[in-house]
Amino acid sequence: MQIVVAGSHGLLGSALVEHLTTHGHHVRRLVRGAARSATDITWHPPAGHIDAQALRGADAVVNLGGAGLGDKRWDDAYRRVILRSRTAPTALLARTLAELDDGPRVLLQGTAVGYYGDRGDEVLTEDSGPGRDFLAGVVQAWERATSPAVEAGVRVAHLRTGIVMSRTGGSFGRLLPLLRLGLGGPLGPGDNYWAWITLVDHVRAVEHLLGTEVEGPVNLTAPAPAPQGEIVRALASALHRPAVLRVPQLALRVVLGEFARDILASQRALPQVLTRSGFRHRHPDLASAAAWVTSRDG
């Protein structure tokens with residue numbers, strides 16, 4: 001397939017590009033600034049600019065961009081950055097695909113399980129309603145931004161991604177070094193559910209969805225969400241380290257500000273649509289995921 005990837009230099013995007021290329025797909029990257037290679041396509045979402053002609057003939061677009069939630073403290077200005085960095089590029093892509101008569105007819109739009117808000121131990125599927133907090137509102141606006149493409153007949157899937165288990169980046173890239181030193185432990189009470197997925201399964205799921213007829217919301221999570229403290233202890237056990245140094249909730253709020261709410265939110269989201277579409281996780285349970293993420297092998 002001919003696939004265009006936005007957000008290709010982040011944790012998810014870079015892994016996806018490598019995976020797709022390795023599996024025989026032709027990948028082009030949407031980049032800001034001047035194109036540095038023949039496979040780059042220039043765009044500048046804040047100005048509403050994209051090289052639409054370069055999208056002609058492609059089969060699909062995967063958009064995984066957005067400002068990092070943990071990069072800065074959430075003052076009013078950064079809240080606006082979080083929202084606009086998601087909605088403006090998505091809306092530009094959706095309008096562009098809607099206007100192209102020979103452009104991509106598939107848009108896989110990365111969003112987040114933050115759509116559901118903080119829901120305790122309630123089991124959540126793609127049929128569950130939205131939450132009411134800031135991030136839930138962001139995800140709702142994010143998904144609405146794809147409307148022009150949907151209305152034009154483009155197949156749009158909203159990839160509601162959970163917490164991605166990675167060896168080197170994201171939340172787990174920060175947590176693992178502490179656990180290796182025996183300095184980690186549950187964050188706050190540790191009873192909030194994390195809907196996790198390994199990076200391996202995330203990129204495999206995206207490739208799978210490129211070749212299906214799935215549209216609408218898709219939870220990109222593993223079938224076994226677990227309390228956050230249980231996940232931390234499973235990782236520590238795989239590393240043969242203790243996990244007894246609980247991080248106080250107040251300390252998280254002092255260090256992370258409002259982002260601590262996201263870390264401590266509980267989303268017991270199941271990948272109902274993904275599983276029904278025929279996808280099989282390589283790491284379906286916590287034991288296999290912990291073994292992979294703590295291994296230094298390939």
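Computed quantities for the displayed model
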quantity: Residue match in the stretch 94-117 (condition: touching a residue at least 60 places away in the same chain (Cβ under 8 Å), farther than 20 Å from Ser8 by Cβ and out of contact with any strand residue (DSSP E or B) (no Cβ under 6 Å at 6 or more places or on another chain)); calculated: yes
quantity: Residues of the stretch 36-63 satisfying the condition of being free of Cβ contacts under 8 Å to residues at least 60 places away in the same chain, surrounded by 15 or more Cβ atoms within 10 Å (Cβ to Cβ) and among the hydrophobic types (A, V, I, L, M, F, W, C); calculated: Ile41, Trp43, Ile50, Ala52, Ala54, Leu55, Ala58, Val61
quantity: Positions within the stretch 128-138 being over 10 Å from Thr87 (Cβ atoms) and assigned to a helix (DSSP H, G or I), in sequence order; calculated: Phe134, Leu135, Ala136, Gly137
quantity: Scan of the stretch 157-175 for residues that are crowded, with 20+ Cβ neighbours inside 10 Å and more than 18 Å from Ala195 (Cα to Cα), ordered by number; calculated: Ala157
quantity: Wholly enclosed helices (runs of 4 or more DSSP H) of the stretch 245-298 bearing at least 1 residues at pLDDT 95 or above; calculated: 272-276, 286-294
quantity: Every residue from the stretch 67-93 that is in contact (Cβ under 8 Å) with a residue 60 or more places away in the chain and buried (at least 19 other Cβ atoms within 10 Å of the Cβ); calculated: Leu69, Trp74, Pro89, Leu93
quantity: Scan of the stretch 225-244 for residues that are surrounded by 17 or more Cβ atoms within 10 Å (Cβ to Cβ) and outside any helix (DSSP H, G or I), ordered by number; calculated: Pro225, Ala226, Pro227, Leu239, Arg241, Ala243
quantity: Within the stretch 7-24, tally of residues that are buried (at least 18 other Cβ atoms within 10 Å of the Cβ) and touching a residue at least 60 places away in the same chain (Cβ under 8 Å); calculated: 7
quantity: Unique match (being crowded, with 21+ Cβ neighbours inside 10 Å and either acidic (Asp, Glu) or touching a Leu at 6+ places or on another chain (Cβ under 9 Å) (or both)) among Val150, Val154, Val139; calculated: Val154
quantity: Single unsatisfied condition, Thr111 versus (1) in a strand (DSSP E or B); (2) more than 26 Å from Pro284 (Cβ to Cβ); (3) in contact with a Phe, Trp or Tyr (Cβ under 7 Å, 6 or more places away or on another chain); calculated: (2)
quantity: Scope the stretch 212-242; condition at positive phi and under 23 Å from the mean Cα position of the chain (by Cα); matching residues; calculated: Gly216
quantity: Counted residues, the stretch 67-89 - those being closer than 20 Å to Gln109 by Cβ, among the small types (Gly, Ala, Ser) and not in a loop (DSSP other than H, G, I, E, B); calculated: 2
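The values are calculated or read from the model by the stated rules, or taken from the named source; none is laboratory data. Owing to the predicted nature of the structure, the values given are computational and were not obtained by experimental measurement. Note: ideal-geometry Cβ built from the backbone for every residue, glycine included; neighbour counts use all protein chains shown.
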